[in-house]
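Trainee: The structure that follows is given in the form of structure tokens.
The values are calculated or read from the model by the stated rules, or taken from the named source; none is laboratory data. Since the model is a prediction, treat every value here as computed from it, not as a measurement. Reconstructed Cβ throughout: ideal geometry from the backbone, glycine too, with neighbour counts over all protein chains shown.
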């Protein structure tokens with residue numbers, strides 16, 4: 001794993017690290033899962049597993065990549081599990097209003113992406129990570145990370161064009 005993913009300014013003490021990076025991990029999990037409660041549970045589970053091996057993660061300088069990869073993997077596992085479930089429709093009259101701003105529309109479009117593509121887009125454009133670091137986090141080749149982002153952007157463009165045609 002690339003060592004430059006770890007910032008030397010990050011604390012090595014578990015509690016201090018969580019205090020410093022916890023909100024960012026929570027935001028990342030939320031952007032990947034699209035669910036506040038699920039993202040909180042996911043971060044809690046990931047931090048619990050990381051705490052057990054914290055010293056070895058700090059020694060190897062892989063804390064950040066381990067946590068981001070664990071969050072991504074957890075979100076993908078959740079998506080696979082939920083895909084097999086049959087959901088019940090929301091009660092009539094309880095639909096959320098359609099977003100009117102560009103950010104809200106973009107969020108809805110990203111929510112339709114498969115979890116790996118969504119994670120790649122979040123890592124690339126929200127976390128501003130280069131493709132080699134995205135590949136480490138998603139545990140794939142750099143070319144695959146590029147492909148995930150490319151396919152996601154293509155799907156978003158297609159969806160936006162479909163929306164323009166509907167007007």
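Trainee: Out of all the residues in region 29-44, which are surrounded by 14 or more Cβ atoms within 10 Å (Cβ to Cβ) and over 22 Å from residue 152 (Cβ atoms)?
Mentor: Answer for region 29-44, where residues must be surrounded by 14 or more Cβ atoms within 10 Å (Cβ to Cβ) and over 22 Å from residue 152 (Cβ atoms): 40, 41, 43.
Trainee: Can you tell me which residue within region 129-156, out of those that are assigned to a loop (DSSP other than H, G, I, E, B) and at pLDDT 90 or above, is nearest to residue 78 (Cα to Cα)?
Mentor: So the first thing to find is which residues in region 129-156 are assigned to a loop (DSSP other than H, G, I, E, B), and the list is 129-130, 139-141.
Next, only the ones that are at pLDDT 90 or above stay: 129-130, 140-141.
Details: 129: 24, 130: 26, 140: 19, 141: 23 Å.
My answer is 140.
Trainee: Those residues that are modelled with pLDDT of 70 or more and in a loop (DSSP other than H, G, I, E, B), I need them from region 95-116; list them, please. Write out each step before concluding.
Mentor: Residues of region 95-116 modelled with pLDDT of 70 or more: 101-116.
The answer is 101, 112, 113, 114.
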